[in-house]
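The block underneath contains the structure these notes are about, expressed in structure tokens.
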Amino acid sequence: MAIVVGKIEPLKKLKSVLNDNGITRFNSIGETNDFLKNYESEKEEIPKITKITLNQEIKELDEKIKRL
């Protein structure tokens, strides 16, 4: 968790801390707030998205195997 002290450039500080931890998704405080509001629904979407992605990769690999 980031702790931002003072009022000078808090967004830059927050972005810096997030970037240092490999999180480059947020470009504004609004995007961060939206994420916080939608966290639970996004968390539930991860397995669905992962399954779709894996199925696409399996299909592509099957096609490559057939060509070889």
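The values are calculated or read from the model by the stated rules, or taken from the named source; none is laboratory data. Because the structure is predicted, anything quoted here is derived from the model rather than measured. Heads up, the Cβs are rebuilt from the backbone with ideal geometry, glycines too, and the neighbour counts pull from every protein chain shown.
Summary table
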item	result
Breaking point among (1) modelled with pLDDT of 95 or more; (2) of a type in the set (A, V, I, L, M, F, W, C); (3) part of a loop (DSSP other than H, G, I, E, B), for residue 52	(3)
Residues satisfying the stated conditions in the stretch 21-37, i.e. out of contact with any Asp or Glu (no Cβ under 8 Å at 6 or more places or on another chain), surrounded by 10 or more Cβ atoms within 10 Å (Cβ to Cβ) and not charged (D, E, K, R)	23, 26, 27, 28, 29, 32, 33
Residue count, the stretch 38-59 (criterion: under 16 Å from the mean Cα position of the chain (by Cα), surrounded by 10 or more Cβ atoms within 10 Å (Cβ to Cβ) and not hydroxyl-bearing (Ser, Thr, Tyr))	4
